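Take a look at the structure below.
The values are calculated or read from the model by the stated rules, or taken from the named source; none is laboratory data. None of these values were measured; they are calculated from a predicted model. Every residue, glycine as well, gets a Cβ built from its backbone with ideal geometry; the counts of neighbours run over all protein chains shown. Each accessible area value is taken on the protein alone, full model and side chains, heavy atoms only, with ligands, DNA and RNA left out. Shrake-Rupley method; radii C 1.70, N 1.55, O 1.52, S 1.80 Å.
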Amino acid sequence: MALVLVGGVIGAYAYGKKSYDGVFLANTTINKIDVSKLSKEEATAKLGGQITFNDKITITKRDGTKVNIDLHDLDFSNNIADAVEQVYEKQDHTLWFKALLGGSSYEFDPDSKFNDTKLNALIKKNVIDSTNVIESKNAYIERTDDGFELVKEVVGDSIDENKYGDIYKYIGDELAKGNYDISIADLDVYEKP
């Protein structure tokens, strides 16, 4: 009788362990999203569907012009799969039965990565070398038929070539903070009249 009971317990344990091979244990959440009994791939897909990342960067220039850069053009990736892998590795699947009694909750900070070289190239192309750039001009006096007239200075939005690095750094820093709507209107990077 005891042998049958021990065999039943061992069989139940083995069955339970086998049922959790390759999947998250019962009552497991990541960032408050239930991933119980999901494979790593399924959990990554579920989290990816519920954790949103911006799909573009919007840069606002001095004149109010908005330039959009698609993150997919920058080899955009996120850390969801890595976080899921780390959580899975933390779980002790030999103790699967403990998960039935109480759950495990894990948190991570969603983060994204992109190719800085591609970002800088697109900033140069779409922001710095834009076809709609207004050149700054000094005020001057113009002779007219009625005498002389003061022509006011033009404060343009052309970027000082010595300050390209400042723009790249500023935009990169803002993205690192999670800001995808970035204004460069007040940066001291524009050519002065």
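A few points about this structure:
- FRET efficiency, Asn68 to Val154 (Cβ-Cβ, R0 35 Å, nearest 0.05): 0.85
- Helical mean residue ellipticity (222 nm; -39500 (n - 2.57) per DSSP H run of 4+; nearest 500) of the chain: -10500 deg cm²/dmol
- Distribution of pairwise C-alpha distances over region 74-193, 10 Å bins, in %: 10, 26, 19, 15, 12, 8, 5, 3, 2, 1
- Projected label points at Gln86 and Thr117, each 7 Å from Cα along the beta carbon direction, are separated by 2.7 nanometres.
- Annotation: peptides 115-128, 20-33, 169-182, ranked by per-residue average of other Cβ atoms within 10 Å with the highest first, follow the order 20-33, 115-128, 169-182.
- Cα centre as origin, Lys/Arg/Asp/Glu Cβ charges: region 95-193 dipole, Debye: 680 debye
- Close amide-amide hydrogen proximity is noted between Ile30 and Val35, Tyr106, each under 5 Å apart and 5 or more residues distant or on a separate chain (H modeled in the peptide plane; Pro and chain starts excluded).
- The C-alpha atoms of the chain define a longest principal axis, and helix 2-19 lies at about 20 degrees to it.
- Couplings 3J(HN,Hα) of region 104-118, computed from phi: 10, 10, 10, 10, 8, 8, x, 9, 10, 10, 8, 7, 4, 5, 5 Hz, in residue order, whole Hz [Karplus 6.51 cos²θ - 1.76 cosθ + 1.60, θ = phi - 60°; x for Gly and Pro].
- Pair-distance profile P(r), taking every C-alpha pair of region 1-143, with 10 angstrom steps and integer %: 10, 26, 19, 15, 12, 8, 5, 3, 2, 1, 0, 0
- Cα-based helix-to-principal-axis angle, 164-176 vs the chain, degrees rounded to 10: 30 degrees
- Cα lying deepest toward the dipole's positive end in region 1-157, options Tyr13, Thr60, Ile30, charges on Cβ: Tyr13
- If you take all other residues with their beta carbon under 11 Å from the beta carbon of Tyr140, and give Lys and Arg +1 and Asp and Glu -1, the sum is 0.
- Cβ-derived FRET efficiency at R0 25 Å, Leu101 paired with Lys32, nearest 0.05: 0.80
- Three principal axis lengths of region 73-123 [C-alpha, angstrom, descending]: 53, 16, 12
- Over the chain, accessible surface divided per residue gives 63 Å², non-protein components excluded, 1.4 Å probe.
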